[in-house]
Amino acid sequence: MIRNNDTISPYQLAMITIMTIISVEVFSLAAEAADELGTDGWLIIVILGIINIFAALVIIRLNSIFPGKTIAEYSQIIIGKVPGKVLTGLFAVYLIIVIAYVTRVFTEVVKMFLLFRTPTEVIMLSLVLVCTYTVRGGVECVARVNELVFPILFIPFFIVLIFGYPIMDFSNLLPVLQTPPEKILASIPRMIFSFGGIELALYYIGFMKEPGKAYKPLIISIIFILLFFVMITVFCIAAFGAKTVTKIIWPLAAYIRTVSLPGVFLERLDGVILSLWVLTVFTTIVSVLFIASYSISKAAGTKEQKQYVLPLVMIIYYLALQPQSLAELYEWGNLIFPYAVAAFMYVVPAALLLTAKLRKMGVKRNESD
Amino acid sequence: MRAIKSMKAAAILLCVLLLTGCWDKIEIEDRLFVLSIGVDSVELAEKKASKDKYTLSFVSPVVDQIKEGPGPAFRTYKTVDNSIIMSLSQLLERFSKKQFFGHTRNIFFGEDVLKDEKLLKEILDGISRYHEFHNSMYAYIVPGRAEEVFKVKPMYDKLLAPYIAGIIENSDYTSKVIKLTLSDMIIMLENQKGGLVIPRINPGKEEVKISGAGVLKDYKLIGYLDDQETSVYNWLTDKAKGGDIAVEYKGISTVFRHFDFDRKIELSKVENGNIYLNYIMETEGSIEEFMIGKEILDNVLLKEISREVEKRIENEGEKLIKKFQQEFKADLIGARDYLSKYQPKLYKTIEKDYEKFFIDSIVIEVTANVSIRRVGLIK
Amino acid sequence: MGFLSNRKSGKDKKEKEMGKLINSKNVDENKRRLKERLKDCDDIVYKEFRVGEQQDLKFLLVYADGMSSSDMLNDAVLNALMVHAREVPPEAKEPGEELYKLVRYGGLPASELADKDNLEDAVLAILIGDAVLFIDTTEKCIVIGAKGWPMRGVSEPNTEALIRGPRDGFTETFRVNTALVRRRIRDSRLKLKQLRVGKRSFTDIGVMYIEDIVSPELLEEVFRRIDTIDIDAIIESGYIEQLIEDDYMSPFPQISVTERPDEVAASLYEGRVAILVDNSPFALIVPTTLNSLFQSPEDYYDRWYVASILRFIRYMASILSMVLPAAYIAVTSFHPGILPAKLVISMAAARQGIPFPVLIEAFIMEVTFELLREAGLRLPVPIGSAIGIVGGIVIGSAAVEAGIVSPIMVIIVAITAISSFSIPNYSLAVGFRMLRFLLMIFAGTMGLYGIMLGVLLILSHLVKLKSFGIPYMSPYVSFVGSDFKDTIVRVPTFLMAKRPVLLARDKIRLKNNRNLINRLEQEEGSDDKK
């Protein structure tokens, strides 16, 4: 059966979601979580995960009443052609900023651990150019690459994580549940970015052949990410203690440095694992970049999205070089992302769904499955 | 289409131009591996500028001589400067090969450095921040100057650092040796508010001896433990693994050997504003030495010997605890840790004046449970 | 030996119409025309003879010496004609026509006969190896299938030798090859469509497929692509391969090539299409996936754990052959912290005094090995293998002694070379070799990060690649559980119930009757043959 399709399967949707959401913030996740809530840092991740499951449900519902269409298309139906295009354009801008941020953070990490003298420009440029090559292959290429990279990354990663067992002291996670609820609520907005990426489902579900099948993969991937994040936070806090972990910029990297695989002759694994981390950043950028170029092509009304990739990449490169230092970068991130992510992940889908329901648009539930 | 093609070509060309430099490539033979570092405060005689604070000593192997001939195959050198990183950059003025610290195994602190709070904090920051240092380095205190360690010419080993690190790893077999990595050190200093117990290394001519430990409080050295006390410390902090305990039973010296040692803490009661903690020590092992002519494979006898060992553990334990409470006035035995984790509400009430509370109002009892399982090959 | 089914495009038709010169009724005239056309072809034999009681019926037999079997012609034509000519009444008005009918429909004991009436077809028939019989007084000529040229015997292909498995391999004769395949698929649904490709070479090409398993779109695509070939000569199947493959720039082959008929048969059973080309013992199989390039027929003849271990080793070897030198360069030049201290010190000791950086050293050694490999191929067998071994050892140790390379480099290069030999498919191995150099450059520039980027580039390329509509990386992408039973691990045969999902219809090919084997007190008479 020769398939010449631009569609993705449910499994690919799950892989894309997982690989996109897991990118650079995993390194600093434990520090941020412990910074907010101390030994209860993992709790906020669980809460966020649950919130995001609801957000995902909203998104899936929205997509299932417009089967086969991405948000770029059905937003034009719901709120009109021009506002729809504006929304899509805004989305593209937001995504471009995300990519620039991720690229820059990752480059900083690489410069810290792997390549010290290599100019930032070179590291970034080489990464985005490779991503360009992939994105030009269309949604199928993006989906497949995500599929392939998932086991290549996670299997060694889990092995390394588990071998940190000797240095872990789980009593460091005590006492539990000591933080007052107000503090928990206050921390949620600050940690939102860690689950950023679910909003891409607004597009990717539109590429599925059977959008009704999107529930299982999306929910399962969020649960997987949740467990993964909790595991990392728990391990880091167990290894370093809640107080010390807040002082390390990238605790996960520090954790990996202290792991030594028994019997294997490789000692300091941070180089190896960071190289594997290139894979996850790559998949994130690729998934987001594809959507960004797709959005622009839809907003501009053209059919093909391939030609927008390279110009976008130039813009991203320029943007990523703007922050003068790591501190400035994090400042910008903390300024923009809580609002942007919340807007696109929660507000926009909910608003569109409500509007669509009110205006009685779209396909009925039992018809679309 | 042609525009796209030329853009692609331009991108690739740009890549090629940018990739012409291999900025981070340093050939392996152009690196000088530093296997150990020593930190001392600078002696007046060596001070070159008024700002100089440290003497750093380094050990590097002489790679050619590793295989051939007897005798050590390493060299030492030192720098004097006012910061860690500046010292490292000084090395670039003197050596053609670039130092590489990724394999540095040991860091030795001279006594003077650990007596100076500010100096210690600066050093620790420099070391934690620099990416090349690995935080699994073992840390030691040297009574005297750290550079003395590097004058040792080990009897059997070619390189100094693996020799010393190997001794540290004997801590699996004896509880008189403490193993402290740099990351442990930093975590402990953070959690215990500047308190630390750090293994002591005594350099000789052809060997070193790691016995005993230095005690720090508020980032300052306040005293030492001898090797016996060190093993008790290991028991009390649940760090001990293997070891031998010597007791006298009816005039006969006998040795109890264990490979595992567990410590649990329990809160007995809170009374009259005092907290009563019970440190429960559990271990099992074998008898290694008795006396020819007497048979010990006897249940009653073994129980009595184990009672002797238990008494020994309890006495030594309580003695050391008192020493910490009264002489050192620092909680380095894990009480704070236990209280903050397992009794958080209680801990909150005493958190502010914990130091004083520890000295006056925490009463610790040590209970030991020793089981003798085996007696060796003869009865 | 073969009836032609012409599937020419419009252009060819016009040519034929232009050049179709009907034969003359006069044998001498035909002979003259033939001789004019086949001027200076000294291997064409023109045999004139007369038969009949009065010896007045002229016949002309034309064939190419060496291509046609003269024994057969002697028996089938000359002998028979001498006899039959006597059966025609001499007074018949058009003795030629009568004679023609007699001869054509039963006079010649040859199994393949056809009529032609024009010069082009006659010439083509002669050049193919058939013999053409011209009869006086009629313009029709008879093409007698008499192909008989010197052939290599069917023997084991030396590029694909197995420990266990049949030892026949394709030869250069088209019909032998098709027969070898048909022997293994005794199903009427095995179809063979023959085409002629090549404007001067008229090479026979056969497309073989099993009708109800193969996907019709695939088949259509294959024929469409072959139709697009407009070349003067097909010398070897490689020409076809390169003209119909999806991506000519990719280092990865998208069409499998094999000399083994059992492999072709197995692929046909999976729903693939095979293309056999005359004059070439290498058959093409489309479509191909990366996974299938790692499979060797032996995997299916041996037991499953043997197969699984070997497959695993092959995958490891291919990764090693691509990545090992690059990893070595990255680790020693950029991140020595990864290696334990003792290893690093001994490496540094080994490299004392070597003037080149690791990257250059690696390139020198790799290039030297490639040269040795090529030289070994060109030399005759007894010298070739000796040079390979001796050359390798001598050059390696001499280089180390001279202080140009370090001993570790020699080991790395040797391991890499050996790994690349364990990849079953030659083009794939060469593809990996090329990519190895690319990765070495990446490693030399940006260390492990560079290698990762290189790997990602290659991965992206692989993922984009399609072979006749099937993604190259199936079943690793768009996966279906059942396809995974035959990738890195090969599950026991009784579990391999389905054909590859993307390729084939008629999914189920096997019924799991394992439990019947293990029931000892099974009654007699249960038929376990399936």
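Overview of results
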read-out: For C:348-360, mean number of other protein chain Cβ atoms within 10 Å; value: 4
read-out: Burial order of peptide ranges C:375-382, A:174-181 (average beta-carbon count within 10 Å, highest first); value: A:174-181, C:375-382
read-out: Solvent-free Debye scattering, log10 I(q)/I(0), computed from the Cα coordinates of segment B:228-379 at q = 0.17, 0.21 Å⁻¹; value: -0.92, -1.23
read-out: By average C-beta atoms within 10 angstrom, highest first, the peptides C:292-304, B:363-375; value: C:292-304, B:363-375
read-out: Calculated [θ] (222 nm, deg cm²/dmol) that DSSP helices of n ≥ 4 give over the protein assembly as shown, each run adding -39,500 (n - 2.57); value: -15500 deg cm²/dmol
read-out: Three-way shape label, segment B:24-225, alpha-carbon gyration tensor, a/c 1.5; value: oblate
read-out: Inter-site label distance for B:Asp360 and C:Thr159 at 7 Å from Cα along Cβ, in nm; value: 9.3 nm
read-out: Three-way shape label, segment B:138-283, alpha-carbon gyration tensor, a/c 1.5; value: oblate
read-out: 0 to 90° range, to nearest 10: angle between helix C:119-128 axis and chain C longest Cα axis; value: 50 degrees
read-out: J(HN,Hα) series, segment A:112-127, from Karplus relation 6.51 cos²θ - 1.76 cosθ + 1.60, nearest Hz, glycine and proline x; value: 6, 10, 10, 10, 8, 9, 4, x, 3, 4, 5, 4, 5, 4, 5, 5
read-out: Hull-based mean projected area of segment C:174-288, where the convex hull spans the alpha carbons, in square nanometres; value: 6.5 nm²
read-out: Relative frequency of Cα-Cα separations exceeding 56 Å in the protein assembly as shown, percent; value: 39 percent
read-out: Shape category assigned to segment C:303-471 from the gyration tensor of Cα positions, a/c cut at 1.5; value: oblate
read-out: For segment B:273-289, Karplus couplings with θ = phi - 60° (6.51, -1.76, 1.60), whole Hz, Gly/Pro x; value: x, 10, 9, 9, 10, 10, 8, 9, 9, 10, 7, 9, x, 9, 8, 10, 8
read-out: Antiparallel %, DSSP beta bridges [both residues in chain B], to 5; value: 65 percent
read-out: Cα-only Debye scattering, chain C: base-10 log of I(q)/I(0) at q = 0.10 Å⁻¹; value: -0.95
read-out: Cα radius of gyration and Dmax for segment C:302-357 (Å); value: 16.7, 51
read-out: At R0 = 35 Å, FRET efficiency that the Cβ-Cβ distance of B:Thr367 and A:Met231 yields, to 0.05; value: 0.45
read-out: Relative contact order %, chain C, counting alpha carbon pairs below 8 Å whose residues are six or more apart; value: 13 percent
read-out: Chain lengthening between C:Leu124 and C:Phe49 when straightened (0.36 nm per residue, less Cα-Cα); value: 24.8 nm
read-out: Sites B:Asn170 and A:Leu335, calculated FRET efficiency, Cβ-Cβ separation with R0 60 Å, nearest 0.05; value: 0.65
read-out: Student exercise, segment B:245-318 dipole from Lys, Arg, Asp, Glu Cβ charges, in Debye to nearest 20; value: 100 debye
read-out: Amide proton proximity set for C:Val45, modelled H, under 5 Å, gap of 5+; value: C:Tyr63, C:Ala64, C:Asp65
read-out: Label-to-label distance, nm, for residues given as A:Ala186 and A:Lys243 (7 Å Cα→Cβ offset); value: 2.1 nm
read-out: Other protein chain Cβ atoms within 10 Å, averaged over every residue that makes up C:437-443; value: 1
read-out: Two-site label geometry, B:Lys250 and A:Ile77: point separation in nm, points 7 Å out along Cα→Cβ; value: 9.6 nm
read-out: Between 0 and 90°, nearest 10: helix C:304-333 axis offset from chain C longest Cα axis; value: 60 degrees
read-out: Partner chain coverage, peptide B:95-102 - average Cβ within 10 angstrom; value: 2
read-out: C:Ala402/B:Ser286 FRET efficiency (R0 56 Å; Cβ-Cβ; nearest 0.05); value: 0.40
read-out: Degrees between helix A:270-300 axis and first principal axis of chain A (Cα, 0 to 90, nearest 10); value: 20 degrees
read-out: Range of Cα positions in segment A:10-358 per principal axis (Å), largest first; value: 57, 46, 36
read-out: Computed over segment A:87-233, Kirkwood Rh from alpha-carbon pairs, angstrom; value: 19.1 Å
read-out: ³J(HN,Hα) computed for each position of segment C:414-426 - Karplus, 6.51 cos²θ - 1.76 cosθ + 1.60, integer Hz, glycine/proline x; value: 5, 4, 4, 5, 5, 4, 5, 6, 8, 7, x, 9, 5
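A short reminder: the numbers here are calculations on the coordinates, not readings from a lab. Fair warning: this is a prediction, and the values are worked out from it, not measured in the lab. Don't worry about glycine lacking a Cβ; one is built from the backbone with ideal geometry, like all the others, and counts go over all protein chains shown.
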